[in-house]
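Trainee: Below: one structure in structure tokens.
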Amino acid sequence: MNNGLHSRRRFIADSTKLFVIVTSFSVLPCACGKEQAPQSKTATGLDVENGEIVLNINNLPYRPLKNIGGGVKLDIEGAPKPIIVTRVTGTEVAAFSSQCTHAGYEVLLPENGVLICESGHGGEFDLRGNAIAGPPKSNLTKYPARLDNNKVYIDYPL
Ligand code: FES
């Protein structure tokens, strides 16, 4: 009886370790920044701390986030579309899905403070992922994000 309980506890502990390992390898960024990031970005993986994705904006792939209006895309395995991270103000960043709320096409990185849907339907969003023009009636799906000491923390459900 005790051996069975011990084995179950051991299995749960081992399963938890495995889940963490799989999670940390399942998140891959893509190279979509305005200051074109190298393709090797997809091989570097993302840092995850306490369940949050962490981007150091001093690192090349994420440098577009140093400038207001800049943005990057992150590919996350299993997500229907990449997530977009933008620099909104000197102290504010935003993170949201790039899947358009009209018909599901992908939203492009910001140009002059506006993100355009690739569909050609005329959908546009602001730097916070709010619908501002065209057929989309709702905002892009948002994820809590904050900027702290040159690092962006994104609370994305991994
Ligand atoms: S799918 Fe984006 S505007 Fe239609």
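Trainee: Hey, among the residues in the stretch 130-156 that are farther than 27 Å from Ser119 by Cα and part of a loop (DSSP other than H, G, I, E, B), which one's farthest from the ligand (Cβ to nearest atom)?
Mentor: Asn149
Trainee: While we're on this one: Kindly evaluate Gly122 against the criterion of being exposed (fewer than 14 other Cβ atoms within 10 Å of the Cβ) and either near the ligand (Cβ under 10 Å from one of its atoms) or in contact (Cβ under 8 Å) with a residue 12 or more places away in the chain (or both).
Mentor: yes
Trainee: For the stretch 103-117, give me each residue that is crowded, with 17+ Cβ neighbours inside 10 Å and either part of a loop (DSSP other than H, G, I, E, B) or more than 16 Å from the ligand (Cβ to nearest atom) (or both).
Mentor: The answer is Leu108, Leu109, Pro110.
Trainee: Condition first: among the β-branched types (Val, Ile, Thr) and more than 21 Å from Pro80 (Cβ to Cβ). Now tell me which residues in the stretch 108-142 satisfy that.
Mentor: Of everything in the stretch 108-142, those that are among the β-branched types (Val, Ile, Thr) and more than 21 Å from Pro80 (Cβ to Cβ) turn out to be Val114, Ile132.
Trainee: Here is a follow-up. Given (1) surrounded by fewer than 22 Cβ atoms within 10 Å (Cβ to Cβ); (2) near the ligand (Cβ under 8 Å from one of its atoms); (3) touching a residue at least 40 places away in the same chain (Cβ under 8 Å); (4) not small (Gly, Ala, Ser), identify the lone condition not met by Cys100.
Mentor: Cys100 satisfies every listed condition except (1).
Trainee: Go through Thr91, Thr16 for me and flag whichever is over 12 Å from the mean Cα position of the chain (by Cα) and at pLDDT 90 or above.
Mentor: Among Thr91, Thr16, only Thr91 is over 12 Å from the mean Cα position of the chain (by Cα) and at pLDDT 90 or above.
Trainee: Listed residues Pro110, Pro136; which is over 11 Å from the mean Cα position of the chain (by Cα) and in contact (Cβ under 8 Å) with a residue 40 or more places away in the chain?
Mentor: Pro110
Trainee: Condition test on Ser119, is it within 10 Å of the chain's Cα centre (by Cα) and either among the β-branched types (Val, Ile, Thr) or farther than 23 Å from Leu60 by Cβ (or both)?
Mentor: Considered against the rule, which asks whether it is within 10 Å of the chain's Cα centre (by Cα) and either among the β-branched types (Val, Ile, Thr) or farther than 23 Å from Leu60 by Cβ (or both), Ser119 comes out as no.
Trainee: Before we move on, is Ala79 modelled with pLDDT under 50 and out of contact with any strand residue (DSSP E or B) (no Cβ under 6 Å at 6 or more places or on another chain)?
Mentor: For Ala79, the condition - modelled with pLDDT under 50 and out of contact with any strand residue (DSSP E or B) (no Cβ under 6 Å at 6 or more places or on another chain) - is not met.
The values are calculated or read from the model by the stated rules, or taken from the named source; none is laboratory data. Since the model is a prediction, treat every value here as computed from it, not as a measurement. Positions of Cβ are generated from backbone atoms using ideal geometry, with glycine treated the same way; all protein chains shown enter the neighbour counts.
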